[in-house]
Amino acid sequence: MTVQAKNNANQERFKSFNIVVFGGDGDLSIRKILPAIFHRDLDGQLDIPNNVIAISRKEPNIKTFHQKLIPFLQESDHHKYSQEEIEKFLKKLVLLKAESPSVQAYQELKSFLNQYPERQNIYYFSTPSSAFGPITQTLKDCGLVNQNSKVVLEKPLGHSLASSNEINAEITQAFEEHQIYRIDHYLGKETVQNLMVLRFANNLFERAWNAENIESVQITVAESLGVEKRASYYDQSGALLDMVQNHLLQLLCLVAMEPPVALEADEVRNEKLKVLKALRPLNKKSVLKDTVKGQYTRGFSESAQVKSYLEDIEKYDSKTETFVAIKTYVDNWRWKGVPFMLRTGKRMIKRYSEIVINFREVKHNIFPSKEKLNNNKLIIRLQPEERIELIQMTKIPGPGGYRYKPIALKLDYTDSFKERFPDAYERLIVDVIRGNQTLFMRQDELQAAWTWIESITTSWKAANMQNVLYEAGTWGPGDDILEEGESWITKTWGE
Ligand code: BG6
């Protein structure tokens, strides 16, 4: 038994399953999906026989496939796994070729799955969404969908409300809502899930979690990488659709939602839906003031010179934004008037994601110096470190009267939890097998998110909003949405 397996010997085991990954030899599958299954299997949680099937559109050369996959199994989490562990897993993987979805092309898959009628079939669509409809239809025509089947959908689920509804209509030809798992990997991150525990398992914060006590909420997801090998996908999406429509909005929901009555899928999703519906739509006038879109130019990343976005994608007239910042409001009782400031971008100064809850100033300063008292801040750092900090004013020791400064009370996850942190995909894939939809988006949530996003895309168009250029390796043009007295609270002191 590996150390990992010993640590998790009491892990829950699941009903037997087949997991079929369409786009199985694609980048996401190789980097994230298959390594996640490998880890869960190592933990003894899945104990899988030969039931992980990767579907490739190209000739299935198992050797090349293994060569691509092994480095991601070998070094995930900076931990090297033994040759034996890896080979054991590779033997369980089946690679099948299906050039395009058709009953004929799926014959081999059908014969394979039909050998195990007792297993639940999980279909993981890691392909462009244009293939979702044809794959679904073919699975249905092959008789491969029943009440025990599930489907996992990778984003992007459309590029607008209408196209997202179209995709949904195609999927629901064969699957019911309780069988559909729309994945947002941010919801599988440990620190993101900890937000629920922080808010709803601690009395301290919940009491102050409202407009009366909170001045602003800021969410930053900064990436130092550029678009890498995803130029054609990214250029059609941009930062708004690639990151805000899903990840940042989900983070916002977890910060802003009311306590659900129980930690059950529909209870949590009902509360998130209410937040999405309360988001104030933007219009032609407000986008000019409350949003900024940007595109990176040449600059530096980790001291190396990097190309501009246009050079990266080799398309010199692209107007796609690689950065976006938005100020928005959740128009409900709890959050009246509190700005929620979101920003995300590629080729920013560093990989750095955090949520800042910026509390209001004390009502009256009793101290003689009248020196400014900093607001308390709760900082939830999602990456690269996983940490929570509470910034509080503290007296500077000494006899010279009352002098004070902000000091952070820190909870560093790695100090308190020594175990390996599972990747977000591990948690989410296990939830699919287990049938727990809490961390997956429901269709009405998705529609509400699209409705709000469309208020921005249509207003950008109407206002002829242009990109602000920013140098790679900087914080980007987020300051453009700030008003007097506002700033991005990026806590970098003491690091
Ligand atoms: C993906 C986006 O959903 O999230 C990528 O498509 C982005 O563009 C990635 O790089 C960021 O995820 P993480 O987990 O590295 O923050």
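What to note about this one:
- Set of aspartates and glutamates near Lys395 by C-alpha distance (under 19 Å), chain-local residues within fewer than 8 positions excluded: Glu361, Glu371
- Computing FRET efficiency as 1/(1 + (r/R0)^6) for Ala262 and Ser16, where r is the C-beta to C-beta distance and R0 is 25 Å, gives about 0.30.
- A full extension of the chain between Lys410 and Phe200 corresponds to an added length of 73.7 nm, given 0.36 nm per residue minus the alpha carbon distance.
- Each Lys and Arg contributes +1 and each Asp and Glu -1, all at the Cβ; summed about the Cα centre of region 359-469, the dipole is approximately 740 debye.
- Phi-based couplings in Hz for region 285-298 (Karplus 6.51, -1.76, 1.60; Gly and Pro marked x): 7, 5, 4, 5, 8, 9, 9, 9, 10, x, 9, 7, 10, 4
- Between Glu212 and Phe367, the distance separating the two model label sites (each 7 Å from Cα on the Cα→Cβ line) works out to 2.6 nm.
- Between the beta carbons of Tyr233 and Trp333, assuming R0 = 41 Å, the FRET efficiency works out to 0.55 to the nearest 0.05.
- Region 360-470: C-alpha gyration tensor shape, a/c 1.5 cut-off, then a/b vs b/c: oblate
- Estimated inter-spin distance, Ala463 and Lys88, nm [label 7 Å along Cα→Cβ]: 5.7 nm
- Estimated FRET transfer efficiency when R0 is 60 angstrom, pair Asp317-Lys418 (beta carbons, to 0.05): 0.70
- For region 264-306: rounded, prolate or oblate by the Cα gyration tensor [a/c cutoff 1.5]: oblate
- Across the cross-link table entries Lys58/Lys140; Lys372/Lys405; Lys32/Lys277; Lys289/Lys336, which are compared at the Cα atoms, the separations over 21 Å belong to Lys58/Lys140; Lys32/Lys277.
- Cα shape, region 329-411, gyration tensor, a/c 1.5 rule: oblate
Read-outs throughout are calculated quantities, based only on the coordinates presented, and are distinct from any laboratory measurement. None of these values were measured; they are calculated from a predicted model. No Cβ is skipped: glycine too gets one built from the backbone with ideal geometry, and neighbour counts run over all protein chains shown.
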